[in-house]
Amino acid sequence: MTISRNAMSLRLLGAASTRRQFLGRGTAALASLGISARLASGMAVTSRIIPNTAAARRTTHDAWLPEVPEAAQFRALALVAMDAAKQAGAEFADIRIGAQRECAGASAHIALGYGIRARVNGALGFTHGNVMTREAVARVARGAVAGARMEAAVNARMGTAIAESFPPIPVVAGEWRVPVEIDPFTVPIDDFYRVQELFNAPVRGLGLFVNANGGLRWTQETRVFASTDGSLVTQSFTRGGPDIGVSAALPTGLSMGLPVTRPDGESMGFEVMLRTDFAERIMAVAEETIRWRELPLRSFNDVGRFPVVLDGAAFAAIVGRTLSVALDGDRLSGHEADASGRSFLTPFAPHPTQPPPEFSPLLRVTSHRALPSSTAAQWDDDGVASTPCTLVEQGTVVDFHTTRDTASMFDSWYQQRHRPARLHGRSVAPTPTSLPMANGGDVQVAPASSAASELELCRGITHGFLVKEANVDPAPGLTTGLFSSGFVVEVVNGKPVAQVNNLQMAFVTNAVLKLGLTALGDASTLRTTLVNVPKGMPWEYMEYPVTAPAAHCKEVDVLRGDLSR
């Protein structure tokens, strides 16, 4: 069964609307729940552009947004929705409800909403809304039950097999929050601008061609999960920080750059800016950038197969966009077949008598949702406790990213391998109004135990490339893909000899991660990439960090490398 996965609807309130006018909307409608006039913003999503004036810079992002409802009010609405679903005949229902807000230097954003999932006769229905009243959430809950009942009737008429019920999980209750010392929403906006201006200070003496810049961005969320099983949990998240990069102008007028930090999402507040090592990290990347800039520019127009060393960020992008996604229960079960695509591991999933696929024995891949990762959570959006797990051990797949919706399909696979079928808390709804989907969590590829830097991995290359950073675009089935990079170094006889611009490469996933993967770098080569994976209909983007070492790949197809383009 394919379920439409709807994104949170957006409606921009004009900047001309005053705070008093905005907060005054819907007071009467919310009175029955005891929600004050300040919470009328639950009717829509608000985005504010903050003027760059002295007066505005003295304010905080909090001042530009309506206050967020108390978690107790979200819990009250969640219980109303679950009661309504049960009374409407749901055999099971759950809800995710809450508020998300975001702040950057010149912008602020808040969104409130909820999504309700109901099950009737083995069929699922899903609806969402953002009107924060008892009547509204009850009406949406009854709509989810009605949708499930209609789907069940269609299944019966067509003779479609009824899906197995969700596997039982412990009933959970409690609260959990990311610890924050300095709330970024209470910091003067001027401090955002002043910190950003300091990014370039360490490199000012290196010449006009070197520049360091970046931005600051945080998101905060309060989310409540409740189910008719009796679970009721509240979680509060704060994620974000600086995104800094160093760039160097090239004689051609083009530029090259390397990241100092990425929004890979450490969960913390503005206190991250009190770290004293930013100047050292900026200088270290600036020096590396200058070393690469000194290499001559060379036009490369050949095509063919070449050995390639991928730095940690590039290898993380390939693992994150291919192998990790291929382990999603949504793709393996076929739920994503008409949306983002299937998995190249699909052939063995319905046939557990086949042996698991083997990748390079060098590969060990794990996943977790612990602090300080941006994915950190005590429970997922199915109400399942988050636990660490191993996904690939010495090249063998040993576990998957499953959810309550897909876990039962893997029972026989686990049974044949004498492994317990367990959920690890990898169900994530991108917004409260989204349907939960499988998410990789914080994915980690283990580095080599012996010393091996990027340059040491290049030593055995007669003619090939070192790729720093890569944009990966896999095919829908994840079996092949393209990746291109803003910065590639040509390697001849084990030594970097030239910069190559606009190099585009193609890869076969199984070849790169199996026979083609000949060596991994050590812990000094570990880099983190924030992976954005489209899923659902319409597409919503699932974000999670992937950390990996540098990797030596025996053969990659070079399609184009033209300095003039």
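What is the chain's relative contact order, in percent, from Cα pairs under 8 angstrom and six or more apart in sequence?
Working: 1399 pairs, mean separation 85.4, N = 565.
So the answer I get is 15 percent.
What translational D, rounded to a whole number of µm²/s, comes out for the chain from Stokes-Einstein when the hydrodynamic radius is the Kirkwood one over Cα pairs, at 20 °C and 1.002 mPa s?
Numbers: Rh = 25.4 Å.
Roughly 84 µm²/s, to the nearest whole number.
I'd like to compare 98-104, 113-119: which one has the highest average count of other Cβ atoms within 10 Å, and what's the full order after that? Mind dumping the intermediate values first?
Details: 98-104: 22.7, 113-119: 27.7.
Those peptides, ordered most packed to least, come out 113-119, 98-104.
Mean shadow of the range 138-180, computed from the convex hull of its alpha carbons, in nm²? Provide the component values of the computation, followed by the final result.
Numbers: hull surface 23.1 nm².
Averaged projected hull area, Cα only: 5.8 nm².
On a 20 Å Cα-Cα criterion, which of the cross-link pairs K468/K495; K495/K554; K468/K514 come out too long?
Values: K468/K495 15 Å; K495/K554 17 Å; K468/K514 22 Å.
Going by Cα-Cα distance, K468/K514 fall outside the 20 Å limit.
Residues with beta-carbon under 11 Å from that of M409, excluding M409: net charge, scoring Lys, Arg +1 and Asp, Glu -1?
Values: positive: none; negative: E164, D330, D405, D411.
Once all neighbours under 11 Å are counted, the net charge is -4.
Rounded to the nearest 0.05, what FRET efficiency do R177 and A284 give with R0 = 30 Å and r taken as the Cβ-Cβ distance? Could you check? List each step's numbers first, then the result.
Working: r = 34 Å, r/R0 = 1.13.
Efficiency, rounded to the nearest 0.05: 0.35.
Where does the chain land at 222 nm, in deg cm²/dmol rounded to the nearest 500, when only DSSP H runs of n ≥ 4 count, each adding -39500 (n - 2.57), divided by all residues?
Values: 12 runs with 109 residues, N = 565.
Value at 222 nm, helices only, nearest 500: -5500 deg cm²/dmol.
For every other residue with a beta carbon closer than 12 angstrom to the beta carbon of D190, add +1 if it is Lys or Arg and -1 if Asp or Glu, then tell me the sum.
On the way: positive: R57, R58, R194; negative: D191, E197.
Once all neighbours under 12 Å are counted, the net charge is +1.
If you add up the charges near A93, with Lys and Arg at +1 and Asp and Glu at -1, over every other residue whose beta carbon is less than 11 angstrom from its beta carbon, what do you get? Display every interim value, and only then the final one.
Values: positive: K86, R117, R119, R142; negative: D83, E91, D94, D229.
That sum, taken over residues with Cβ under 11 Å, equals 0.
Every number here is computed from the coordinates shown, using simple stated rules; none is lab data. As the structure is a prediction and not an experimental result, all values here were calculated from the model. When we count neighbours, we look across all protein chains shown, and the Cβ atoms used for this are built from the backbone with ideal geometry, even at glycine.
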